[in-house]
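Asker: Supplied in structure tokens, the structure appears directly below.
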Amino acid sequence: MKRMRIALVAAAAVSALALAGCAGGGDDAAEEPTAEPAPTFEAGTTMAELAEAGTITVGTKFDQPLFGLIGPDGVPVGFDVEIAKIIAGELGIDEENIEWVETVSANREPFIENGQVDFVVATYTINDKRKEVISFAGPYYMAGQSILVLADNDDIESEEDLVGQPVCSVTGSTPAAKLTEIGAEPVLTDTYTNCLEPLRQGDVVAVSTDNVILAGLAAQNEGEFKVVGEPFTEEPYGIGLAKDDTEFRDWINDVLEEAYEDGRYEEAWNSTAGTVLPYVEPPAVDRY
């Protein structure tokens, strides 16, 4: 599956021309760099259809610093976005031909089921309930649920301190379900950024979701909030796609593993979430 990128081919051609000039072969006709051939896939597969179309629709978060946050130009940026670009690139689709669709926790499965997106990369925890209606590639990252409080709050140190307390999270998310399980009182909204004002006003004592999301919110609002305690769940982030599209799922898993090996995954991390969070080796993909 590994394919030489156009940039590498072009660079090699330029180097060859320079050497030829030094050797006094300036009269010889220069060879034109060969463009990378478009990827080919078995007819009838999702990969073939997308490659032929030359465009792809990807669902991601628009409000998650470090993972998926809408930029000044209206295009989302973050680690999830970079993972999606890697997948699209292996289909021969440039990032300019990716249509980004905002997916919040409550609409990810419906968007996949209805064909509104080709896949979703959106801090999307793999679990058995979701696998009843969609499929997952990955996981490509292992997060864990944690707690965000006001910077001067020293009363809450772990999930045990949330019992009986109002805690903000997002409708349809696994962290919201976990809050109910541990005996907290979930206060639900549609996006995590909408939890920040209730926290500022004292309407909730904390916000709870995956540690990487909370770290992004704290970094974006420096000095206001802090993340406390150790993660108390494991949240494997996966790429959501249509139910039982096994060929597409296996292919995305192949792309992820290649990106782990050739450095593109680490580069994507370091340029986004890695500006705040330490790099950790990606988890093994689950080829269920």
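The values are calculated or read from the model by the stated rules, or taken from the named source; none is laboratory data. As the structure is a computational prediction, the values presented were derived from the model and not from experiment. Ideal geometry is used to build each Cβ from the backbone, glycine not excepted, and the neighbour counts take in all protein chains shown.
Asker: Every residue in the stretch 258-280 that is surrounded by fewer than 17 Cβ atoms within 10 Å (Cβ to Cβ) and modelled with pLDDT of 95 or more, please.
Answerer: Scanning the stretch 258-280 gives Glu258, Glu261, Asp262, Gly263, Glu266, Glu267, Asn270, Ser271.
Asker: Continuing with the same structure: Going residue by residue through the stretch 95-117, is there one that turns out to be at positive phi, touching a helix residue (DSSP H, G or I) at 6+ places or on another chain (Cβ under 6 Å) and not aliphatic (A, V, I, L, M)?
Answerer: Within the stretch 95-117, not a single residue is at positive phi, touching a helix residue (DSSP H, G or I) at 6+ places or on another chain (Cβ under 6 Å) and not aliphatic (A, V, I, L, M).
Asker: Going through the stretch 38-57 one residue at a time, which ones are touching a helix residue (DSSP H, G or I) at 6+ places or on another chain (Cβ under 8 Å) and of a type in the set (Asp, Glu)?
Answerer: Of everything in the stretch 38-57, just one residue is touching a helix residue (DSSP H, G or I) at 6+ places or on another chain (Cβ under 8 Å) and of a type in the set (Asp, Glu), namely Glu42.
Asker: Look through Asp244, Asp203 and report the one residue that is on the phi > 0 side of the Ramachandran plot and either touching a Cys at 6+ places or on another chain (Cβ under 9 Å) or in a loop (DSSP other than H, G, I, E, B) (or both).
Answerer: Numbers: Asp203 fails: on the phi > 0 side of the Ramachandran plot.
When all the criteria are applied, what remains is Asp244.
Asker: Do you know which residues across the stretch 177-193 are without any contact (Cβ under 8 Å) to a residue 24 or more places away in the chain, under 20 Å from Asp128 (Cα atoms) and under 26 Å from the mean Cα position of the chain (by Cα)?
Answerer: Ala177
Asker: May I pose another question? Any residue at all in the stretch 168-175 that's more than 27 Å from Thr103 (Cα to Cα) and either more than 26 Å from the chain's Cα centre (by Cα) or outside the structural domain of Thr60 (by TED's automatic domain parsing) (or both)? Please lay out each step first, then the result.
Answerer: Within the stretch 168-175, the first condition is being more than 27 Å from Thr103 (Cα to Cα), and the residues that meet it are none.
No, the stretch 168-175 has no match at all.
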